[in-house]
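The values are calculated or read from the model by the stated rules, or taken from the named source; none is laboratory data. This is a predicted model, so every value here is computed, not measured. Because the Cβ atoms are built from the backbone with ideal geometry, glycine has one as well, and the counts that use them run over all protein chains shown. The protein model used for the area step is the full one, side chains on, heavy atoms only, and it has no ligands, DNA or RNA in it. Shrake-Rupley method; radii C 1.70, N 1.55, O 1.52, S 1.80 Å.
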Amino acid sequence: MSKIIMWIEDRFMDTQSHNKLMESAGNNDVLITTDIEKIHKHVNEIEIVLGDFPRECLSMLPNLKWFQQFGTGVEWLFNHPELKQQPFILTNCSDGHHDVVADHLMAMLLSIVRNIPSYVKSQSQSTWQHTSLTDCSSLFQLRGKTVLVIGLGSVGLAIIKRIKPFGVNIIGVRKNKNEAVEGVSKIYGVDELHLAAQQAEITVSTLPRTEQTTHIFGRDFFHSMKKPSFFFNIGRGNSVDETSLVEALNSGILNGAAIDVTAEEPLNSTSLLWSAKNLLITPHIGGTYDEVIHTWRNVALDNLQLYMSGDTLRNLVNKNQGY
């Protein structure tokens, strides 16, 4: 009999979710565990895996048909390229935390354009940092600015929904520039990235990690941005040439930036990013919140119902494209 693995700690499975799992599983055996030794006993029987299963262990499941991972990013495929060719279906939880990622982006964006980190530093030093009305070049208003959102998936759309009421003009970049998006005045193709940057004071990236996105934001991009210019990355760290970002900040090409992701995580203590001017760094927590595991669990269980009934799954991932 085939087996379904629910890779999750018992404390995250309440009675309701446990019953839903069992009902959806039908005649399949279910094993709820985070013990890899138990998996070794059933490798030939496992057809479905749900949860934060160790990616390096997927290759030992010859009959795997579907893997519902927790989280969104599938950059682990770069470390296990052989899994791209295996026929199992891959889904993620991309629609399970796009709202909180967008919330985090807005928190970073408002902090930088209103120079909040500087005032937090002054507060820690018991210093009243006076800002003259005739010399307030570090404080900006969003109204009237143009915001460029690069990547118009679920996170990009959630960001647009939040920032539009601030009175900004929103433009976007996506592969299919002919597909209109509500609230976006103009959409550019990926090959028009620098042209789009010339129109916007604020750039937000939600791009995933792919071979095509590596260092897409470099010296030429930062120099092409409309002034004053701000850059925010809530996608993946590989997209940014970090040396160019530091240079743009320290030279004043960029007025400020905030990143939730870096090319190397955790970020090395010797990285120049730590000392870059007007840069806010958060440690890849954009999608983290108090109920995130419960949310991912529910996405997995909903998808299991769809799978068992033969319906189209949510959050399908193209393993070759990386999103």
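Once region 213-231 is narrowed to residues that are assigned to a loop (DSSP other than H, G, I, E, B) and charged (D, E, K, R), the residue that is modelled with the highest pLDDT is LYS226. For region 271-319, the set of residues classified as aromatic (Phe, Trp, Tyr) and part of a loop (DSSP other than H, G, I, E, B) consists of TYR289 only. Which residue out of ILE202, ILE171, ILE187 is more than 25 Å from VAL100 (Cβ to Cβ) and at pLDDT 95 or above? Checking each option against the conditions leaves just ILE187. Each residue in region 277-291 was checked for being crowded, with 19+ Cβ neighbours inside 10 Å and either of a type in the set (Phe, Trp, Tyr) or out of contact with any strand residue (DSSP E or B) (no Cβ under 7 Å at 6 or more places or on another chain) (or both), and 2 of them qualify.
Here HIS104 passes the criteria (1) open to solvent by 10 Å² or more (accessible area, probe 1.4 Å); (2) free of Cβ contacts under 8 Å to residues at least 60 places away in the same chain; (3) of a type outside the set (S, T, N, Q) except the one numbered (2). If you go through region 292-323 one residue at a time, how many are of a type outside the set (Ser, Thr, Tyr), open to solvent by 70 Å² or more (accessible area, probe 1.4 Å) and over 19 Å from GLN86 (Cβ atoms)? Number satisfying all stated conditions: 4.
A search for C-beta distances below 8 Å between a residue of region 22-36 that is touching a residue at least 40 places away in the same chain (Cβ under 8 Å) and any residue that is open to solvent by 40 Å² or more (accessible area, probe 1.4 Å), counting only pairs 6+ apart in sequence or on different chains, returns SER24/GLN305; SER24/MET308; ALA25/MET308; GLY26/MET308. Across region 6-29, the number of residues qualifying as hydroxyl-bearing (Ser, Thr, Tyr) and either over 12 Å from ALA300 (Cβ atoms) or open to solvent by 70 Å² or more (accessible area, probe 1.4 Å) (or both) comes to 1.
Applying the set (1) surrounded by fewer than 19 Cβ atoms within 10 Å (Cβ to Cβ); (2) out of contact with any Lys or Arg (no Cβ under 9 Å at 6 or more places or on another chain); (3) of a type outside the set (A, V, I, L, M, F, W, C); (4) in contact (Cβ under 8 Å) with a residue 12 or more places away in the chain to ASN178 leaves exactly one unmet item: (4). Apart from one condition, HIS80 fits all of (1) open to solvent by less than 80 Å² (accessible area, probe 1.4 Å); (2) closer than 26 Å to ILE159 by Cβ; (3) not basic (Lys, Arg); the exception is (2). Of the residues that make up region 25-35, is at least one over 28 Å from the mean Cα position of the chain (by Cα), part of a helix (DSSP H, G or I) and over 23 Å from ASN255 (Cα atoms)? Looking for residues that are over 28 Å from the mean Cα position of the chain (by Cα), part of a helix (DSSP H, G or I) and over 23 Å from ASN255 (Cα atoms), one finds at least one in region 25-35, hence yes. Return the residues of region 280-323 that are within 19 Å of the chain's Cα centre (by Cα) and among the aliphatic types (A, V, I, L, M); say none if nothing qualifies. LEU280, ILE281, ILE285, VAL292, ILE293, VAL299, ALA300, LEU316, VAL317, listed by residue number. If you go through region 243-254 one residue at a time, how many are within 15 Å of ASN278 (Cβ to Cβ) and either assigned to a helix (DSSP H, G or I) or hydroxyl-bearing (Ser, Thr, Tyr) (or both)? Qualifying residue count, region 243-254: 7.
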